[in-house]
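Asker: Take this structure first; my questions come after.
Computed from the coordinates by the stated procedures, all read-outs in this text should not be read as laboratory data. Quick caveat: nothing in here was measured; it's all calculated off a predicted structure. Here the Cβ is made from the backbone with ideal geometry for all residues, glycine too, and neighbour counts use every protein chain on show.
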Amino acid sequence: MTTTTSSILDAITVPEGHGRPIPDAATRETIGHAPVHGLDDLEAAIAAARESQPAWNALGHAERSRILNAIADDLEANLEELARILSREQGKPLDGPNARFEVGACAVWTRNAANTVLEPEVVFEAGAARSEVHYDALGVVGAIGPWNWPMMITVWQIAPSLRMGNTVVAKPSSFTPLSVLALAEIFNRHLPQGVLTVVSGDREVGAAIAAHRGLDKIMFTGSTEAGRKIVASSAQNLARLTLELGGNDAGIVLPGTDVTGIAENLFWGCFINTGQTCAALKRLYVHDSVYDDVVEALAELARALPMGPGLQDGNVLGPLQNQSQFDIVKDLVDDARARGARIVAGGEPAPELGPLFYKATVVADIEDGARLVDEEQFGPAIPVIRYTDVDDAIRRANASEQGLGASVWSDDLDAAVAVAKLVQAGTVWINQHGTLNPDVPFGGTKQSGYGQEFGVAGLKAVAAPKVISR
Ligand code: NAD
């Protein structure tokens, strides 16, 4: 493993004694110290955002798009350095659909926010009468993000907001402040003063953002529990909300599906970012006719794919990001074992790799009602549930309170689409799970939140619609 000096890291960290030590998720060595911002810093950031917003808005779409495209170029130019910071802090390896992939996605989503066209819409026309909907800036957006895809999710929140003429105050998870500070370091090479400020605070700062009268919109990604608190706080400021909350995504493998064709997509649907992904496949319903084949195909990949510290070449699975998430995964798998479920791969920590590593785990012969099925594990452990009747599988998939994503797997596309129509989720994928496209709207149903991100829908979500009628 090599550690190189990083000018971005030097720019965003503070001397020891002036901030919070941030551990490398794999080795637990201190990467650097992150500033700890409090309520005074939040007030200053919101004041600066309010002051800079009119001029930023007045630049117009073409200039803001130019700036965002320049930011995307700069993200790409600094991809390796950003990916190393992300890899160490979050834990995800450089390789595979992980750290380099995430920084690359930041550039792609920034470019998409820059280049998506949102023209005024003519909604009524009769003779001389005409009504148009225009999309204006809202003002100041508060962006509160999680620790699992900290850079990418922050980009999803801030890039469309900036494009639409808003200024932004962003609050990263206290588990991953360096990733978001590093991202903002690149953005702020191009943005006027005050347009984007990161307030690296804890939940108290998050709660204060949610209720602050100086904010017009909150983009929140995190747990359903925190989402409820934000909805309650928004009674204070009537801020518009986009809530991307937790998920417990179901996958349904239909009868007779050829397993070899889907095994790899199925595996990454479950284990992307070592399972710490909102829209990962978290409970898999498999028809009896292919059950043993699917379990074995997943278990083979789980045993074979390299897990280890992120900076070590070749690893594609990493540690859990923090102790409490590690404890959740361990408890849920232990509970499944105690109920008599069959551990086909993994099922235990891997302390030889580091304190927060847990082996990629496949659990068979498990039923709804087990905690590993009913609760969000947010880690590398997939329960595989046997079914015999497709309608019953759909009913069980829909029995969850969450409705972020879902997937249907089959060689018969028509059959898969027919099932997809009956599954309750913001997105239903076919023969894939969790793949995102910056032009395609993404968001949850039920307790997974409301509002959509990406593309035209995403721009509208950070804009104030204004009707001009004549
Ligand atoms: P979390 O809710 O604990 O924290 C998310 C952010 O909210 C952090 O920045 C935290 O400091 C802040 N926060 C916590 N309480 C707050 C409050 N009362 N008011 C304002 N801010 C508050 O979530 P997490 O543990 O960081 O992330 C994991 C969860 O996020 C999982 O449930 C996962 O499914 C979900 N998630 C959803 C999506 C999505 O797009 N739907 C994406 C990623 C993660």
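Asker: Calculate the radius of gyration of the Cα atoms of region 249-430 to one decimal place, then report Dmax, the largest Cα-Cα distance, as a whole number, both in Å.
Answerer: 15.4, 47
Asker: Using 0.36 nm times the number of residues separating Val440 and Glu264, minus their current alpha carbon distance, what extension gain do you get?
Answerer: Gain on stretching Val440 to Glu264: 61.0 nm.
Asker: I'd like the FRET efficiency for Asp202 and Arg371, computed as 1/(1 + (r/R0)^6) with the beta carbon distance as r and R0 of 25 Å, rounded to 0.05.
Answerer: Efficiency, from the Cβ-Cβ distance: 0.35.
Asker: Then there is this: Can you list residues from other chains, or at least 5 along the same chain, whose modelled amide H is less than 5 Å from the amide H of Val36?
Answerer: The answer is Arg20.
Asker: Okay, next question. Could you give the length gained on full extension between Asp331 and Arg213, defined as 0.36 nm per residue of separation minus the Cα-Cα distance, in nm?
Answerer: Computed gain between Asp331 and Arg213 is 38.4 nm.
Asker: Is region 120-239 rounded, prolate or oblate when judged by the Cα gyration tensor, a ≥ b ≥ c being the square roots of its eigenvalues, rounded requiring a/c under 1.5 and prolate requiring a/b larger than b/c?
Answerer: Prolate is the answer for region 120-239, as a/c is 1.5 or above and a/b outweighs b/c.
Asker: Could I ask something else about it? What fraction of the DSSP beta bridges in the chain is antiparallel, stated in percent and rounded to the nearest 5?
Answerer: Roughly 40 percent of the beta bridges in the chain run antiparallel, per DSSP.
Asker: Once amide H atoms are built 1.01 Å from N in the peptide plane, which residues 5 or more positions from Arg130, or in another chain, come under 5 Å H to H?
Answerer: Correct list: Arg470.
Asker: Could you work out the relative contact order of region 9-156? I mean the mean sequence separation of Cα pairs under 8 Å and 6+ apart, divided by the number of residues, in percent.
Answerer: Reported relative contact order: 20 percent.
Asker: Put +1 on the Cβ of each Lys and Arg and -1 on the Cβ of each Asp and Glu in the chain; which of Val329, Ile85, Pro309 then has its Cα farthest toward the positive end of the dipole?
Answerer: So the residue furthest toward the plus end is Ile85.
Asker: Let me ask another. Hey, rough spin-label estimate for Glu80 and Ala11, points 7 angstrom out along Cα→Cβ, what's it come to in nanometres?
Answerer: Placing both labels 7 Å along Cα→Cβ, they lie 1.8 nm apart.
Asker: Too long at a 18 Å Cα-Cα cut-off: which of Lys421/Lys446; Lys330/Lys446; Lys171/Lys217?
Answerer: Check vs 18 Å cut-off fails for Lys330/Lys446.
Asker: Using amide H atoms built in the peptide plane, which far-off residues or other-chain residues are under 5 Å from Ala381 H to H?
Answerer: Thr361
Asker: Could I ask something else about it? Fully extended, how many nm does the chain gain between Ala418 and Asp136 (0.36 nm per residue separation, minus their Cα-Cα distance)?
Answerer: This chain segment gains 97.6 nm when fully extended.
Asker: Mean separation of Cα pairs under 8 Å and 6+ residues apart, divided by the residue count of the chain: what relative contact order is that in percent?
Answerer: 18 percent
Asker: Taking 45 Å as R0, compute the FRET efficiency from the Cβ-Cβ separation of Leu39 and Asp411 and round it to 0.05.
Answerer: After rounding to 0.05, the efficiency reads 0.20.
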